Amino acid sequence: MIRSQDITQQRQQEAAVALGFFDGVHLGHRAVIGAAIEEGRKRGLASRVFTFDPAGDKPASKNALTLLQTEEQKDRVLEAMGADEVVCPPFSSFKNLSPEDFFHHLLMDTLRARVLTCGENYRFGHFAAAGVDQLREMCCQAGVQLVVVPPVTLDGEMISSTRIRQALRDGDVELANRMLGAPFTLEAPVVHGKQWGRTVSCPTINQLFPEGFTVPRYGVYAAEVMVDGRRYRGVTNIGVKPTMQDNYLTCETYLLDFSGDLYEKTVGVSLIHFLRPETRFSSAAELSEQIHKDIRQVEQALPAGC
């Protein structure tokens, strides 16, 4: 799969283009992207995903959002789905385009769109001036097929990134994972901590949340940890470790049945079950006792070799 930020170079191959921000690539997003891939295959078109880089300028409606995936994680999902190209320019590079210029110059001329797919709430053009109705009119006039994908629901409610973030903040990772279609995963380098876990025979790995990333409810989770292509069970604490008075946010994980040095290595920690809230214990010994209880819970909750 090709990843490009270039919206100036005209593509050679005509395409089915999926439109959206696609933060998290949840089941609703996958329906929109999957529709473009399917239409592309049926008509012999390339499949392109048009989105924008969340690291810079954003639409006003998305200024306060927190991310559910890194761009690298998103790319792996899109590639696995079968997308040929993800076009991810800075928002500032096209935010001032009128709806007409966005459609004709960017989608038609540059991305060579012959099929467009989007959700019912998709908006485009300067200050999000146009919506699906205007897009449908433009497509009819240009002879472009438009596929408006209806919302995907779960338990009677629409799946959305906002709903997923709230589930994570509530500690309901099972619900968040069902909406995402995969476990919520922090993928980050292992950094040096205070190594207090070694004093209670539970050495841990420490990771920091990337800036702007969604932070789930503080507490302890059963987790699956990916190291060099192999999965391990883990006990993950997200929070500020009040017993140890660290007072800074970390994701700290004890890996069952693992020994080795993971410093500087990028590791994926996937949250599976919420076990308990973060608690301040009266002593390190009391904390150690609770950690070993947490380990036994994870052993019971997740099969070995998960």
> Among the residues of segment 80-107, how many are hydrophobic (A, V, I, L, M, F, W, C), open to solvent by 30 Å² or more (accessible area, probe 1.4 Å) and more than 20 Å from the chain's Cα centre (by Cα)?
Replying inline: 1
> Thr66 is checked against (1) free of Cβ contacts under 8 Å to residues at least 40 places away in the same chain; (2) open to solvent by less than 40 Å² (accessible area, probe 1.4 Å) and fails just one. What number does that condition carry?
Replying inline: (1)
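So which of Val49, Val115 is farther than 30 Å from Asp155 by Cβ, modelled with pLDDT of 95 or more, open to solvent by less than 20 Å² (accessible area, probe 1.4 Å) and not in a loop (DSSP other than H, G, I, E, B)?
Answer to the check: Val115.
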>> For segment 194-240, give me each residue that is open to solvent by 30 Å² or more (accessible area, probe 1.4 Å), at pLDDT below 90 and aliphatic (A, V, I, L, M).
In response: Val240
> Is one or more of the residues making up segment 81-104 hydrophobic (A, V, I, L, M, F, W, C), modelled with pLDDT under 95 and part of a helix (DSSP H, G or I)?
Replying inline: yes
> In segment 241-281, what residues are open to solvent by less than 60 Å² (accessible area, probe 1.4 Å), within 29 Å of Arg178 (Cβ to Cβ) and of a type in the set (D, E, K, R)?
Replying inline: Glu252, Arg276, Glu278
>> Going by what's in this entry, would Arg76 be described as assigned to a helix (DSSP H, G or I), in contact with a strand residue (DSSP E or B) (Cβ under 8 Å, 6 or more places away or on another chain) and open to solvent by 30 Å² or more (accessible area, probe 1.4 Å)?
In response: no
> Looking at (1) touching a strand residue (DSSP E or B) at 6+ places or on another chain (Cβ under 9 Å); (2) open to solvent by 80 Å² or more (accessible area, probe 1.4 Å); (3) at pLDDT 90 or above, which is the only condition Pro303 fails?
Replying inline: (3)
> Lys62 passes all but one of (1) more than 21 Å from Met138 (Cα to Cα); (2) touching a Cys at 6+ places or on another chain (Cβ under 8 Å); which number fails?
Replying inline: (2)
>> Just checking, does segment 52-61 include any residue being out of contact with any Ser or Thr (no Cβ under 7 Å at 6 or more places or on another chain), of a type in the set (D, E, K, R) and within 18 Å of Met108 (Cα to Cα)?
In response: no
> Among all residue pairs at least 6 apart or on different chains, which show Cβ distances below 7 Å where the first residue, located in segment 159-188, is at pLDDT 95 or above and the second is assigned to a loop (DSSP other than H, G, I, E, B) and of a type in the set (Ser, Thr, Tyr)?
Replying inline: Arg165/Thr66; Arg165/Thr214; Leu168/Thr214; Glu187/Thr70
> Filter segment 52-73 for residues that are within 23 Å of Ala182 (Cα to Cα), part of a loop (DSSP other than H, G, I, E, B) and hydrophobic (A, V, I, L, M, F, W, C); which is nearest to the chain's Cα centre (by Cα)?
Replying inline: Leu68
> Does segment 1-46 hold any residues that are closer than 27 Å to Thr185 by Cβ, among the charged types (D, E, K, R) and open to solvent by less than 30 Å² (accessible area, probe 1.4 Å), and which are they?
Replying inline: Asp23
> If we scan segment 27-46, do we find a residue that is without any contact (Cβ under 8 Å) to a residue 24 or more places away in the chain and among the acidic types (Asp, Glu)?
Replying inline: yes
>> Restricting to segment 149-162, count the residues that are in contact with a strand residue (DSSP E or B) (Cβ under 7 Å, 6 or more places away or on another chain) and either of a type in the set (Asp, Glu) or crowded, with 17+ Cβ neighbours inside 10 Å (or both).
In response: 2
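The values are calculated or read from the model by the stated rules, or taken from the named source; none is laboratory data. The shown structure was predicted, so the numbers you read here are calculated from the model rather than taken from an experiment. Using ideal geometry, Cβ is built from the backbone for each residue, glycine included, and neighbour counts are taken over all protein chains shown. Keep in mind that these areas ignore ligands, DNA and RNA; they rest on the heavy atoms of the full protein, side chains included. Shrake-Rupley method; radii C 1.70, N 1.55, O 1.52, S 1.80 Å.
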